[in-house]
Amino acid sequence: MLHLRLIAPADSTTDVVHLIERTVGTTHLVVLPGAARNPAGDVVMCDVAREAGDELIAGLRELRLDETGSIAVENIDLSLSERADKAEKDAPGEGADAVLWEHLADATHEESTLSITYVAFITLATMIAACGVVLDNAILIVGAMAVGPEFGPLAGLSTALVQRHPRLAARSLIALLAGFAVAMLVTVGFSVFMDAVGLFTEAKLEAKRPNTGFVYAPDWFSFVVAALAGIAGTLSLTSAKSGALVGVAISVTTIPAAANAAVALSYGDMGQTWGSTKQLLLNLLGITLAATLTLLAQKWLWSTQRKPTRTS
């Protein structure tokens, strides 16, 4: 269930309430006349089944409530109510299959912004991975994958392609490319420093690395794993199963490949640099393509299964 807290100008409250009452899957409707001060208006609250939420929010936006008032949406972790149970039963489809496009666009917008925090995380992850590839330490590689924030802009790019939001696509692409560029540049300097103090050596990089050698040897399995991770990550976002994102983060080699390319470049090993770069690009392409196709499939499947949620 979702909880909606709305602020509506007094002259539009009747339309808002009527829309909520006509939407199948809503309950617990509360109207507080004149309760809002900024912006001034009435406060309207209700609960709605997740599978009916996207259409209700779209209807509220058609009433321009996002411009004249406010629309706030929260997930309800626990609701002990027979009315809520009935609302979920009446709503068409399954809540786990429903995609809240407004929520997805908002979430990916935040995650795909080129911020100082984003750059810091991707840079730190790449530096950790650099230590992992030089030491051939799989634990450090996994840790770096978990720290890396690159799935955010990848999801943002896929969402933008499906929803046809060119600004979000451009923002996501800039965050992705600029983030990796800064992270790899800093890691080159980090590698030079570590070599100067004797912690990194070219011999370690060139030695056989059974645990991490795959990061500069891309093959079709790399693309397949990236595609599967893109599907899993997208499903975790759209179904609010965010815990699955950790598994996605440690299943692809974007960060380790970028790190290996940076360390190899610092030693002038263009073979490993190019191989790692291909691995990075292959994984990014696989995730983006799979995530976009997953969103398109979800959009199509939901449109064919969903029944109208409005009553006359």
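The values are calculated or read from the model by the stated rules, or taken from the named source; none is laboratory data. All figures in this text were calculated on a predicted structure; none of them were measured in a lab. Don't worry about glycine lacking a Cβ; one is built from the backbone with ideal geometry, like all the others, and counts go over all protein chains shown. Just so you know, the surface numbers come from the protein's heavy atoms only, side chains and all, with ligands and any DNA or RNA stripped out. Shrake-Rupley method; radii C 1.70, N 1.55, O 1.52, S 1.80 Å.
Figures for the structure shown
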{"read-out": "Those trypsin sites (Lys or Arg not before Pro) in region 40-127 that DSSP places in a loop and that have at most 16 other beta carbons within 10 Å", "value": "Arg64"}
{"read-out": "Quarter of the Cα convex hull surface for the chain, i.e. its orientation-mean projected area (nm²)", "value": "18.3 nm²"}
{"read-out": "Accessible area in square angstrom per residue, the chain, 1.4 angstrom probe", "value": "49 Å²"}
{"read-out": "Solvent-accessible area, 1.4 Å probe, carbon plus sulfur percent, for the chain", "value": "63 percent"}
{"read-out": "FRET efficiency for Phe221 and Ser79, using Cβ-Cβ distance with R0 set to 51 Å, rounded to 0.05", "value": "0.70"}
{"read-out": "Net charge of neighbours whose Cβ lies under 14 Å from the Cβ of Leu161, counting Lys and Arg as +1 and Asp and Glu as -1", "value": "+4"}
{"read-out": "Inter-probe distance in nm under a simple model that places probes 7 Å from Cα toward Cβ, at Ala207 and Arg22", "value": "7.2 nm"}
{"read-out": "Neighbourhood net charge (12 Å Cβ-Cβ; Lys/Arg +1, Asp/Glu -1) for Ile57", "value": "-4"}
